[in-house]
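Asks: Here you go, one structure.
The values are calculated or read from the model by the stated rules, or taken from the named source; none is laboratory data. Here the structure is a predicted model, which is why all the values come from computation and not from measurement. These accessible areas exclude ligands, DNA and RNA; they are computed on the full protein's heavy atoms, side chains included. Shrake-Rupley method; radii C 1.70, N 1.55, O 1.52, S 1.80 Å.
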Amino acid sequence: MPTTSKLENDITALKNAIDEGINNGIAMEFAPQQHLLSLKFLCIFVSFNTKRR
C-alpha cells in the first residue's frame with residue numbers, strides 16, 4: 001500500500017496534468033471540480049483504511 005505522502009504526490013501530479021490539459025484545450029468538456037472531489041474522496045477513503053490496519 002502506498003504511503004500517504006506518495007498518494008498526495010500522485011494526486012498533485014494528476015491535478016497538475018488536469019490543469020495542463022485544460023489550459024492547452026485538450027480537455028474541453030472535462031469537469032475538473034467533480035474529478036477532484038472524487039480524488040479527495042479516494043484519498044480520504046485510502047487514508048481511513050490504512051489507519052485501521
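Asks: Would you check if there is a residue in the range 23-34 being within 8 Å of the chain's Cα centre (by Cα) and at pLDDT 80 or above? Walk me through how you get there before you give the answer.
Replies: Applying the first criterion (within 8 Å of the chain's Cα centre (by Cα)) to the range 23-34 yields none.
No - not one qualifying residue is present in the range 23-34.
Asks: If only one of 20, 8 is modelled with pLDDT of 80 or more and either β-branched (Val, Ile, Thr) or open to solvent by 100 Å² or more (accessible area, probe 1.4 Å) (or both), which one is it?
Replies: Working: 8 fails: either β-branched (Val, Ile, Thr) or open to solvent by 100 Å² or more (accessible area, probe 1.4 Å) (or both).
None of the others qualify; the one that does is 20.
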